[in-house]
Structures are given as C-alpha cells and as structure tokens.
Amino acid sequence: MDLYFERKGNGFPILCLHGHPGNARCLEVFTEHLAQRFQTISPDLRGYGKSKAQGNFQMSDHLLDLEELLDKLQIKRCLLLGWSLGGILALELALKHPQRFTGLILIASAARPFGSHPRVNGFELLATGVAGIVNWIVPGWELNIELLGKRSLFRYLIQQQTPQTYQYLATYAVKAYLQTSLAAHNALNLALKERYNRLNDLEKIQFPCLVLAGAEDRHITAASSKETAQKIKHCQWQCYQNTAHLFPWEIPNIVLKDLDSWLEKYPQVVDMSNIIL
C-alpha cells in the first residue's frame, strides 16, 4: 500500500498517526507545532483520506503499510505519536520493533481500550448530522452549538463545546469522516469484536512514554488510558478535567505545553544521535 503522507519540518523524525475516522490533517494541532523543531510524518492510513483501500483489509495491514513507509523514507529510528486508533497502532509498532523507536506518545488511547458510551437514539443521530452540516457551513456558530451541538453525539466527543472546538470540527472532522472508506469501518469493527488487550506485553516497552487522556472520554475512557500508563515502566500520565475524546481540539495550548515539557524532560527521545543504529 503506497500511503499518502504529509511531511513537515526538519530534524528528528516523529511518526504521527491519526484515529478513526481521520486523516493526516486531523493531526495538524500537533504537527504544525512540532514541525517548528522536528520533522513530522503523518500518513493517511489505508482506507482513510487519500490512501484508498483496494478491497477489505485487517488492522495488521496498517502495521505493514507503516513499516514500508518508514523504509521508503529511510527512517531508521523515530518517535511515535498516536491519537485514539493511531495510538493503538503506535503501541503495536513499539511492541513489534522496539529498537526502531525512541519513545511513545499516546493521545486518548489504551492497550485495553474500553468505553462508557450510552445508547444512541434517532434524535441524536439526526441532531449530529444537521449540526455537523450547519457547522461546516458556518463554523463555530454559537446558536447551532446551543440548539443542536449540545444535544447531539458531539457532546460525547467534546466536553467544552466552544466555537474554537467547533472550528476544528468544521476544518478537519467533516472531510475526514466523508473520506473514511467502508473497508476502514469494517476493519475497525472486526478488531473491536476481538477485544484488543495488550496489557501483559507492556513491560517490554523500556523507552519513555507519555499518556494523555480526557477525564470525560466516553470512547476510550480515562480509566483505560491510566491502566495502560501504570503498566509501562517509564511513563508520564496526564488527565485533563472537563475534556473528552477530542481534548487536543478543546485545550490545544495546554496539551502542547505539556507535550513540550515532556520532550524537555526526556531529550533522548528526539536526540539526532539516536538515528544511527
């Protein structure tokens, strides 16, 4: 699979992986900031964005695609960053090829992800669709947020329903959702049925890790992210109150500040000398 990818900046490479539904652009909240000092590589995963799927595939195919991409770019070692599903894929890469990565950043993700999402009713689905369309046309319109957004499924993705957060939804989420293939949906649903659990393997990870979570996340709960952090030897855990699954779009400045602090604490994860095996 010849993945579409976006490459920004110069310096130590950071592989950035998006969630479901998503694409490379959804990670610009991170890549635009990190590319000022480092080199970011953010692909559209197979079946997402501009990386069109040729038929059905499995989650394991993502790993093969990403390994091939790193080889193609001649990247021997890099730092991993993954959001939601991207975090699970980053974790799998770290477990499969620990010598190839210097560190791991998990955003709203877990080694044994579990959710607390309530049942969805017809009105919520309708409100989500209408609110999403209106927000795409008039991003961040407060009347739309009050009348529809706060009564839609968006309230389970974002806790702080501000115009800024809805600007992110309009800019990135709508197009990413529309570009997510049926094959990608099927691959994720199949994986969910298998009840993914890698907790017992986390002791193999010996490099520094950062795990960030939203306290009100209903898709991958903060409790499951914390469980993961507690199983990793060199791990820093941070939970943000009054935020949900899309917390990097709710409090971007706070998240980026904490990310910078972690990079300052563990400078070895972006040390250029680590590129040489």
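The values are calculated or read from the model by the stated rules, or taken from the named source; none is laboratory data. Just so it is clear, the model here is predicted, and its values are computed rather than measured. Neighbour counts run over all protein chains shown; Cβ positions are idealised from the backbone, glycine included.
Some values worked out for this structure:
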quantity	calculated
Residue among S51, S84 that alone is of a type in the set (G, A, S), out of contact with any His (no Cβ under 9 Å at 6 or more places or on another chain) and not assigned by TED's automatic domain parsing to the domain that holds T171	S51
Segment 78-98: number of residues that are modelled with pLDDT under 95 and buried (at least 19 other Cβ atoms within 10 Å of the Cβ)	0
Single residue of segment 206-234 satisfying the filter (of a type in the set (V, I, T) and in contact with a strand residue (DSSP E or B) (Cβ under 7 Å, 6 or more places away or on another chain)) that is surrounded by the fewest Cβ atoms within 10 Å (Cβ to Cβ)	I232
Residue that is surrounded by 18 or more Cβ atoms within 10 Å (Cβ to Cβ), in a loop (DSSP other than H, G, I, E, B) and among the aromatic types (F, W, Y), where the choices are F57, F30	F57
Options I75, I41, I88, I14; residue that is farther than 27 Å from K193 by Cα, in contact (Cβ under 8 Å) with a residue 60 or more places away in the chain, among the aliphatic types (A, V, I, L, M) and in contact with a Pro (Cβ under 9 Å, 6 or more places away or on another chain)	I75
Test: residue in segment 168-189 that is of a type in the set (A, V, I, L, M, F, W, C), touching a Cys at 6+ places or on another chain (Cβ under 8 Å) and without any contact (Cβ under 8 Å) to a residue 40 or more places away in the chain	no
